[in-house]
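See structure below.
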Amino acid sequence: METKSIKKILIANRGEIAIRIIKTCKELGIAAVAVYSDVDHYSPHTRYADESYNIGAAPAKLSYLNAEKIIEIALQTKTDAIHPGYGFLSENADFAQLVEENGLIFIGPKAQSIKLMGDKTAARDLAIKAGIPIVPGTTKPVKSVAEAQQIADELGFPVLLKAAGGGGGKGMRIISSPNEMENGLQTAKSEALSAFKDNRVYIEKYITNPRHIEVQILADQYGNVIHLGERECSIQRRHQKIIEESPSTYLDGSIREQLTQAAISLVKMSGYTNAGTLEFIFDQNKKFYFLEMNTRLQVEHPVTEMRVGFDLVAEQIRIAEGKKLSFTQEDINFIGNSIECRIYAEDPSNNFFPSTGKIAELKVPSGFGIRDDRGVETGSIVTAYYDPLISKLISWGRTREEARKRLSAALSDYILYGIINNIDFCHSIINHPQFVKGEYDTGFIHKYFEDIYKNDIPENIIQSAIIGSIATYLSQQKKIRINTAGDSHSRWKNKQVD
Ligand code: ADP
């Protein structure tokens, strides 16, 4: 197989993940090209890269999702490869294809793998062929309400309507009884169409309070597939992860072996290459079901890196160059425990409503066993245009308790003033007796922090509020001074600065 050395990479992303990827480029002596939207002109990732280019206006559609513009910059700058990070174009098969057609390397799987695994119903079909259990339900989109009713009757309520092209915790609807089906299906289809331009919806049995456990894999172009253990991601709000850890407290040796082997066989069967994650849910009897595959680097990949000591981005680049994996399964030693908290600009006391504003002061904890991957600094403006994830705080310890206490202390030291954030909430979670014991499932936040859900706000209202806050942001933009050096030393916390 032909190998090609990559000397320059364009990172088609922003925020913490752009910086994370540029860091590896620097270590490997690879030049890094950043792209940015108008509102990201002063963002840290633009200064951290060797070169940076404006690719358009703030809305992602006009910048970070503008495939043609990104490829144009890559060609102009004589870039060898494009790393898509996560989100944006990372799971867009057409983009991967376009990158290759322009003679560039896409750092990720081949376009056909993205297409295959990105379609949840096709991926379910493949899992059946590989002999891996899937959540009971359909592998084809439902055609009518009558068909949906019949399937739900067979599965037993509650069931989950899911968008075939969905992602990011969106496009799911729980149906608890037959009379909710007609309306539910209609709404699910129209939501799926507007969010994913694909109105196909299928049905799964709704597993009550499962545990979400996923397996990281790496596959080269020579058929070598290895796993790097599991990550438990059951601490979620609105089906989206907040805290992840590795290893999972739920698995013992033999289930872990079955799970990781299931992941490897599915990857081998699909001919997938590069880094990927297979997501599973476990029911309360420790029976696992394949959920879906994410054909990219995951947000939570650092907890794996902390335990295995390999840089996943460096391996992704190596594989994309056409090189063999630099290690075998036997070379991987899992050492200690790692936990990650996602620091979000959002208000946990108001149903995780996204918050915006200027970061008046940021002081990040450090020290042995602590890593913080972030995309902001003092003076950064958090807008409503993009995902509210601003940083990831990760700890490592020889034992879970050591990692947990280290993370707890680091969260207490974390200073982030000026925008409402979830740091105190993360601190409460990891010190909750159930978390301390490692006994939790995806219902954890709902069960133990139920006050948060008192004013459950529907997703569409949140979306309109985001649009509203963009309008406010734009009208205030002239008043906001972008100051990367930081000009405020306000000591107050959890208040919004305008
Ligand atoms: P997405 O691609 O949007 O992230 P996933 O299929 O990965 O969607 O599911 C996200 C989360 O939704 C899971 O981690 C789990 O908490 C919940 N979930 C998904 N499918 C089911 C199911 N059949 N039963 C119960 N919970 C589910």
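The values are calculated or read from the model by the stated rules, or taken from the named source; none is laboratory data. The structure presented is a predicted model; accordingly, all values stated were derived computationally and were not measured. With ideal geometry, Cβ positions are generated from the backbone for all residues, glycine too; neighbour counts draw on all protein chains shown. Each accessible area value is taken on the protein alone, full model and side chains, heavy atoms only, with ligands, DNA and RNA left out. Shrake-Rupley method; radii C 1.70, N 1.55, O 1.52, S 1.80 Å.
What's the number of the condition GLY103 fails, among (1) within 14 Å of the ligand (Cβ to nearest atom); (2) of a type in the set (Gly, Ala, Ser); (3) part of a loop (DSSP other than H, G, I, E, B)?
Only one criterion is unmet by GLY103, namely (1).
Does the range 75-97 hold any residues that are open to solvent by 10 Å² or more (accessible area, probe 1.4 Å), in contact with a strand residue (DSSP E or B) (Cβ under 9 Å, 6 or more places away or on another chain) and assigned to a helix (DSSP H, G or I), and which are they?
Answer for the range 75-97, where residues must be open to solvent by 10 Å² or more (accessible area, probe 1.4 Å), in contact with a strand residue (DSSP E or B) (Cβ under 9 Å, 6 or more places away or on another chain) and assigned to a helix (DSSP H, G or I): GLN76, GLN97.
Give the residue that is farthest from LYS61 (Cα to Cα), with candidates limited to residues of the range 227-252 that are surrounded by 22 or more Cβ atoms within 10 Å (Cβ to Cβ) and out of contact with any Ser or Thr (no Cβ under 7 Å at 6 or more places or on another chain).
Only one residue fits best here, namely SER248.
Which condition number does GLY156 fail, the rest of (1) modelled with pLDDT of 95 or more; (2) on the phi < 0 side of the Ramachandran plot being met?
(2)
Can you go through LYS115, LYS120, LYS140 and tell me which one is within 16 Å of the ligand (Cβ to nearest atom), open to solvent by 50 Å² or more (accessible area, probe 1.4 Å) and within 30 Å of PHE88 (Cβ to Cβ)?
Result: LYS115 is the single residue among LYS115, LYS120, LYS140 that is within 16 Å of the ligand (Cβ to nearest atom), open to solvent by 50 Å² or more (accessible area, probe 1.4 Å) and within 30 Å of PHE88 (Cβ to Cβ).
Would you mind stating whether ALA152 is surrounded by 23 or more Cβ atoms within 10 Å (Cβ to Cβ) and in contact with a Lys or Arg (Cβ under 8 Å, 6 or more places away or on another chain)?
no
When you go through (1) among the hydrophobic types (A, V, I, L, M, F, W, C); (2) open to solvent by 50 Å² or more (accessible area, probe 1.4 Å); (3) over 30 Å from LEU185 (Cα atoms) one by one for ILE128, which number turns out not to apply?
The number of the failed condition is (3).
When residues of the range 206-224 are filtered for being within 16 Å of the ligand (Cβ to nearest atom) and either open to solvent by 50 Å² or more (accessible area, probe 1.4 Å) or assigned to a loop (DSSP other than H, G, I, E, B) (or both), how many remain?
5
Return the residues of the range 319-341 that are touching an Asp or Glu at 6+ places or on another chain (Cβ under 8 Å) and outside any loop (DSSP other than H, G, I, E, B); say none if nothing qualifies.
The answer is ILE319, ASN337, SER338, ILE339, GLU340.
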